[in-house]
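Step one of this worksheet: look at the structure below.
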Amino acid sequence: IEISEHCFDLIFAFDEIVALGYRENVNLAQIRTFTEMDSHEEKVFRAVRETQEREAKAEMRRKAKELQQARRDAERSGKKVPAFGGFGSAGMTSISSGSIITDNIVEPEKPKITPAPVRPSGPSKALKLGAKGKEVDNFVDKLKSEGETIMPTTGKRGSDVSKVLPPPVNMESVHLRVEEKILLTCGRDGGLQNMEVLGMVTLRVTDDKNGRIRLIINNNDNKGLQLQTHPNVDKKLFTAESVIGLKNPEKSFPLNNDVGVLKWRLQTTDESLIPLTINCWPSESGTGCDVNIEYELQEETLELNDVVISIPVPSGVGAPVIGDLDGEYKHDSRRNVLEWCLPVIDANNKTGSLEFSVAGQPNDFFPISVSFVSKRNYCDIQVTKVTHVDGDNSIRFSSETSFVVDKYEIL
């Protein structure tokens with residue numbers, strides 16, 4: 001019963017929590033403030049309506065007094081009580097003054113209020129999870145026209161949302177993908193809580209003439225990763241010569257299918273292996289907090305592209321005041337996030353900083369999340385050559401390498 005009585009309050013509260021299918025970074029106090037916030041237009045409408053009602057009541061009392069005075073004057077003079085309202089004089093002497101007032105006073109017209117539409121009974125056709133109607137499309141288009149960046153809502157929010165480099169334009173009949181993704185969690189006061197790098201070499205053959213092949217692997221990694229080959233791959237050959245080939249050399253690799261032939265995993269808590277360190281130093285001041293954030297590229301062989309460091313900021317306190325800045329920034333007031341954007345981080349600009357001031361407390365600026373893409377993998381594993389099983393002749397092949405973020409947070 002209580003839920004039914006407060007259903008609209010619950011809807012409005014959830015509307016403050018969820019936007020376009022994603023959870024907003026708001027706390028209970030902020031939700032209460034938003035839902036209880038007074039509307040200036042509503043106050044004006046109520047004031048006008050109350051004024052009209054007071055004037056209408058005063059007019060009704062004035063007319064009632066005039067009718068009663070006219071009736072008393074007519075009774076004193078012995079005349080018939082005059083008729084009012086065009087109903088004639090017959091039977092007016094027997095009608096009470098209350099009836100006269102009721103029949104002749106017309107209440108002033110009140111402001112018309114459009115009634116809320118009545119919800120029809122029967123099966124509900126309300127919100128459907130995953131559905132995307134014209135209203136949502138129009139709303140998204142309006143946000144885009146206002147300069148907002150809209151992220152796709154389809155798929156999972158993990159590795160699917162991560163930026164993936166486009167494949168090369170010219171793909172040979174033998175195409176290889178060397179892909180890595182990183183999951184990393186650090187503490188705000190230092191210390192690597194967990195770091196995991198997952199990699200895979202995927203082979204795709206589109207010409208049956210090149211089905212019986214072998215891949216020459218160059219493994220220069222010294223970080224202590226764990227390697228694992230596909231069950232159909234000759235493990236002894238790979239261990240001895242770093243060559244990937246089928247156990248039965250007479251067989252061919254599947255045609256027009258992506259086949260994962262080699263994968264690896266690195267899990268560590270060694271801080272020296274963090275590819276990009278982030279240090280955040282919020283310090284309280286008289287007007288809020290002065291925040292200083294620094295990055296440092298520890299793995300200098302990497303070239304990180306489209307780096308975005310997202311720092312949460314308090315809501316309802318205005319835009320942060322930016323001080324020293326390397327790169328660019330963007331303040332997303334809808335998500336309450338300050339995005340520090342760096343097109344490239346490599347050995348030439350391995351360090352950088354951002355300073356800003358805003359009202360808040362030190363805990364308001366965590367967790368910090370990082371995203372980037374790279375055309376160089378973290379673990380130095382590459383396919384250097386592709387040959388036929390018979391004759392050891394080289395085969396032309398194309399390849400693409402990507403290193404992306406699945407999760408990268410400073411808590």
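The values are calculated or read from the model by the stated rules, or taken from the named source; none is laboratory data. The model shown is predicted, which means the values in this text are computed figures rather than measured ones. Cβ placement follows ideal geometry from the backbone for every residue including glycine, while neighbour counts extend to all protein chains displayed. SASA here: full protein model, heavy atoms, side chains in, ligands and nucleic acids out. Shrake-Rupley method; radii C 1.70, N 1.55, O 1.52, S 1.80 Å.
Structure above, values below:
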{"item": "Residue that is most open to solvent (accessible area, probe 1.4 Å) [pool: residues in the range 349-375 that are of a type outside the set (A, V, I, L, M, F, W, C), part of a strand (DSSP E or B) and more than 21 Å from GLY187 (Cβ to Cβ)]", "result": "GLU355"}
{"item": "Elements of type strands (runs of 3 or more DSSP E) in the range 261-346, at least 3 residues being touching a helix residue (DSSP H, G or I) at 6+ places or on another chain (Cβ under 6 Å) and at pLDDT 95 or above", "result": "none"}
{"item": "Condition met for GLU271 (in contact (Cβ under 8 Å) with a residue 60 or more places away in the chain and open to solvent by 60 Å² or more (accessible area, probe 1.4 Å))", "result": "yes"}
{"item": "Residue check, ARG265 more than 21 Å from TYR408 (Cβ to Cβ) and of a type in the set (D, E, K, R)", "result": "no"}
{"item": "Positions within the range 298-347 being under 26 Å from GLU180 (Cα atoms), under 18 Å from the mean Cα position of the chain (by Cα) and of a type in the set (Ser, Thr, Tyr), in sequence order", "result": "SER310"}
{"item": "Long-range neighbours under 7 Å by Cβ, at least six apart or interchain, first residue surrounded by 14 or more Cβ atoms within 10 Å (Cβ to Cβ) within the range 51-62, second at pLDDT 85 or above and outside any helix (DSSP H, G or I)", "result": "none"}
{"item": "Checklist (1) open to solvent by 80 Å² or more (accessible area, probe 1.4 Å); (2) farther than 23 Å from ILE410 by Cβ; (3) touching a residue at least 12 places away in the same chain (Cβ under 8 Å); (4) under 35 Å from the mean Cα position of the chain (by Cα) applied to LYS251, failing item", "result": "(4)"}
{"item": "Identity of the residue in the range 378-404, touching a residue at least 40 places away in the same chain (Cβ under 8 Å), farther than 28 Å from GLU303 by Cβ and not in a strand (DSSP E or B), that ends up least open to solvent (accessible area, probe 1.4 Å)", "result": "ILE395"}
{"item": "Residue check for LEU227: free of Cβ contacts under 8 Å to residues at least 40 places away in the same chain, crowded, with 19+ Cβ neighbours inside 10 Å and more than 18 Å from SER398 (Cα to Cα)", "result": "no"}
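Here's the yes/no breakdown for (1) within 20 Å of LEU338 (Cβ to Cβ); (2) hydroxyl-bearing (Ser, Thr, Tyr):
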| residue | (1), (2) |
| --- | --- |
| GLY352 | yes, no |
| ALA359 | yes, no |
| ASP364 | yes, no |
| ARG376 | no, no |
| LYS385 | no, no |
| ASP390 | no, no |
| SER399 | no, yes |
| PHE403 | no, no |
